[in-house]
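Here is the structure we will look at.
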Amino acid sequence: MLEPAENTAIRLEEHEQFNHKIVASAPVGIIILRLTDGGNILSNELAHDYFRLLNDDDKQRILTIIRQKSSNI
C-alpha cells in the first residue's frame, strides 16, 4: 500500500508529464515564464525558438505586460 505522500508524488509526476506533452504537441508556440525574472519554465520548440530571437528590451516589455495582466486577476 502506498503512503499518501507517495500517491501525491506519483500524481504530481503524472500531471507534470501530461503538461509537457500538451505543450510540446500544441500547433502554436506556448511558453510559461517565471514572473520574477522572466525565466523559461516550460515551452514548446516553436515558442522557444521565437523567444530566443527577441532582444532583452522586448523580453522585458513582454514580462511587464504579463505582470500587469496577472496583477489584474
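Some notes on this structure:
- Extension gain from residue 35 to residue 59, taking 0.36 nm per residue of separation minus the Cα-Cα distance: 7.5 nm
- Calculated [222 nm] ellipticity per residue, helices only, for the chain: -21500 deg cm²/dmol; basis is -39500 (n - 2.57) per DSSP H run with n ≥ 4, divided by all residues, nearest 500.
- Two-site label geometry, residue 66 and residue 9: point separation in nm, points 7 Å out along Cα→Cβ: 3.0 nm
- Computed label-point distance, nm, for sites residue 49 and residue 25 using a 7 Å Cα→Cβ extension: 2.1 nm
- P(r) tail fraction, the chain - alpha-carbon pairs more than 22 Å apart, %: 40 percent
- Sequence of 35, 63 once ranked by neighbouring C-beta atoms within 10 Å, starting from the fewest: 35, 63
- Residue order, fewest to most beta carbons within 10 Å, for 31, 66, 41: 41, 66, 31
Every number in this text was worked out from the coordinates using simple rules, so none of it is lab data. Treat the numbers as computed from the prediction; the structure is a model and nothing was measured. For neighbour counting, all protein chains shown are included, and Cβ atoms are generated from backbone atoms with ideal geometry for every residue, glycine included.
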